[in-house]
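Enquirer: Have a look at this one.
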């Protein structure tokens, strides 16, 4: 057992003793009670389990928690699906993130099991585009690049892509009008 200290959804946690070899998905579920990240394949293929790792330089990336040990995250900042929506002092959701809202408006998911991974991937894309806007002609390819590794067994993916496209095209500063 080694202690882990990290920041999850803006809250400092730890030190929390955890066994060597414990996967982050199990740490989130069993040690801190955050069950929104989903264990799909357990092999890093489906991406239902991804969380957002915030880097010191201000960028972020997806990390698959079913194949990444919890101790990898020691000293790091992580965001899970539970951290996207704004909450009031009682912890009640008062506003969804733009990605979550568009997923609802576009009826993007059916069973919803894979949705946390898609939300996190889309959020990483949106945050990158805020730092590095792209040409309008590149939007479709960038969305494909961001979501292509994610697997959904219920939908044809079209509505996920439509929702992300809606966020990208309607958020000022993400797309340059010139080629």
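The values are calculated or read from the model by the stated rules, or taken from the named source; none is laboratory data. Note that this is a predicted model, so its numbers are computed, not measured. All Cβ positions, glycine included, derive from the backbone under ideal geometry; neighbour counts span all protein chains shown.
Enquirer: How many residues does the range 2-23 contain that are surrounded by fewer than 17 Cβ atoms within 10 Å (Cβ to Cβ), in a loop (DSSP other than H, G, I, E, B) and either in contact (Cβ under 8 Å) with a residue 40 or more places away in the chain or not assigned by TED's automatic domain parsing to the domain that holds residue 74 (or both)?
Expert: 3
Enquirer: Could you look through the range 128-179, keep only residues that are modelled with pLDDT of 95 or more, under 17 Å from the mean Cα position of the chain (by Cα) and exposed (fewer than 15 other Cβ atoms within 10 Å of the Cβ), and pick out the one that is farthest from residue 108 (Cα to Cα)?
Expert: Ranking the candidates gives 130 first.
Enquirer: Testing residue 26 on (1) in a helix (DSSP H, G or I); (2) modelled with pLDDT under 95, one condition comes back false. Which one is that?
Expert: (2)
Enquirer: Output the residues belonging to the range 39-64 that are farther than 22 Å from residue 129 by Cα and within 11 Å of the chain's Cα centre (by Cα).
Expert: Result: 48, 49.
Enquirer: Anything in the range 72-112 that is under 29 Å from residue 17 (Cα atoms) and touching a residue at least 40 places away in the same chain (Cβ under 8 Å)? List them, or say none.
Expert: Of everything in the range 72-112, those that are under 29 Å from residue 17 (Cα atoms) and touching a residue at least 40 places away in the same chain (Cβ under 8 Å) turn out to be 72, 73, 74, 75, 76, 77, 78, 79, 80, 81, 82, 83.
Enquirer: Another one. From the residues in the range 30-54 that are outside any loop (DSSP other than H, G, I, E, B) and in contact (Cβ under 8 Å) with a residue 60 or more places away in the chain, which one is farthest from residue 83 (Cα to Cα)?
Expert: 50
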